[in-house]
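Participant: I have a structure I would like to understand better, so I am pasting it below and will then ask my questions one at a time.
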Amino acid sequence: MKRSLFGRVWPNATALVMFAVCVFPVYWMFATALKPTGDIIAEDPVWFPTDITFEHFVTATDAEHFWTYLRNSLTVTCLAVLFSLVIALAGSFALARMRFKGRRGFVIGFMLAQMAPWEVMVIAIYMIVRDASMLNSLVPLTAFYMMMILPFTILTLRGFVAAVPKELEESAMVDGCTRVQAFRRVILPLLAPGLMSTSMFGFITAWNEFPLVLVLSKESGGAQTLPLWLSSFQSQFGDDWGATMAASSLFAVPILILFVFLQRRAVSGLTAGAVKG
């Protein structure tokens, strides 16, 4: 009985410890952003903010080009995710439903593309964009972000399409639907968990990307995004750790909001897409 009790307790205790280790930096970031400057630089750490202030958030949002970079990040990220989903829907359907020569090699190619580190191609990408006279533009950023998240999106959605019984699609076609109509009316609604999980992954990947925007965006206030703005916090805020933590909190808020709304479908989507197809 003691062994059985121990077997139930230690996994939960281990999970709680790991949860605390992972969550504490996030809590400290938000807590520091809400503390007065006196509590932040106090010799004894103030674990729980008592006198909550939003002055650090005002300082961060009043920083030069903040709203421009926020608009750029939202534009590039949302467009990259949207375009990748549209292309991945067609690609995943072809891989799951159609049989053609070289299909297996095609899938392996997508897997290799997903495994390849994009950082090793930064120089080549820079030369291509420079020769096209598109430096400091949102267009190449959107295109390359889409290429970064497209392999994972296609491979994940392929598992969802393969999990939908083919007979449903055939029944819709017997009832008079074309292949496109059957896909839109039958398969597409069943792909909602996969669309949400892949869109969340793509959003996080594009939102956090730093090397490409650093290389392709040279002019301040141009096509730069929030990661690049956040990396310059030392020159903007100096030793103002409250403003620094407020800026970091603002950068993390969109991802947290997205995760809160999509977490259930995203977890089921990642699991189903990983084991089926």
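The values are calculated or read from the model by the stated rules, or taken from the named source; none is laboratory data. Being a predicted model, the structure only gives us computed values, none of them experimental. Cβ atoms come from the backbone with ideal geometry, glycine included; neighbour counts cover every protein chain shown. Remember, those area values only see protein heavy atoms, side chains included, never the ligands or the DNA or RNA. Shrake-Rupley method; radii C 1.70, N 1.55, O 1.52, S 1.80 Å.
Participant: What accessible area per residue, rounded to a whole number of Å², is obtained for the chain using a probe radius of 1.4 Å? Write down the numbers at each step before the final one.
Facilitator: Working: 16040 Å² over 277 residues.
Here the per-residue accessible area is 58 Å².
Participant: Based on alpha-carbon centroids, what's the gap between the range 158-221 and the range 7-66 in Å, whole number please?
Facilitator: Using only Cα atoms to place each centre, the spacing works out to 35 Å.
Participant: Among THR178, LEU168, LEU157, whose Cα projects farthest towards the positive end of the dipole of the range 155-197, with charges put on the beta-carbon of Lys, Arg (+1) and Asp, Glu (-1)?
Facilitator: The residue sitting most towards the positive pole is LEU157.
Participant: With charges set only on the Cβ (+1 for Lys and Arg, -1 for Asp and Glu), what does the dipole of the chain come to about its Cα centre, in debye to the nearest 20? Kindly include the intermediate steps, with their values, before the conclusion.
Facilitator: Numbers: 20 positive and 17 negative charges, 421 e Å.
Here the chain has a charge dipole of around 2020 debye.
Participant: Around ALA90, with a cut-off of 14 angstrom between Cβ atoms, what is the net charge of the other residues, counting Lys and Arg +1 and Asp and Glu -1? Let's see the in-between values first.
Facilitator: Numbers: positive: ARG97, ARG158, ARG179, ARG184; negative: none.
In short, +4.
Participant: Given R₀ = 30 Å, FRET efficiency for LEU214-ARG185 by Cβ-Cβ distance, to 0.05?
Facilitator: Numbers: r = 44 Å, r/R0 = 1.48.
After rounding, the FRET efficiency stands at 0.10.
Participant: Just grab the label-to-label distance for TRP118 and PHE48, each label 7 Å out from Cα along the Cβ direction, in nm (one decimal).
Facilitator: According to this spin-label approximation, the distance is 4.2 nm.
Participant: So, one more: From the helices alone, meaning DSSP H stretches of at least four residues, give me the mean residue ellipticity at 222 nm for the chain, per-run term -39500 (n - 2.57), in deg cm²/dmol to the nearest 500. Numbers along the way, then the final one.
Facilitator: On the way: 14 runs with 207 residues, N = 277.
Here the helix-only value at 222 nm equals -24500 deg cm²/dmol.
Participant: Here's another thing I want to ask about it. Can you tell me how the chain classifies by the Cα gyration tensor, rounded, prolate or oblate, using a/c under 1.5 as the rounded cut? Provide the component values of the computation, followed by the final result.
Facilitator: Working: a/c = 2.37, a/b = 1.37, b/c = 1.73.
It comes out oblate by the Cα gyration axes.
Participant: Now for a separate question. With unit charges on the beta carbon (Lys/Arg positive, Asp/Glu negative), name the residue among ALA60, ALA246, PHE19 whose Cα is farthest towards the positive pole of the charge dipole of the chain.
Facilitator: PHE19
Participant: How large, in percent, is the carbon and sulfur part of the accessible surface of the chain at a probe radius of 1.4 Å?
Facilitator: Numbers: 11060 of 16040 Å².
For the chain, the apolar C and S fraction of the accessible surface comes to 69 percent.
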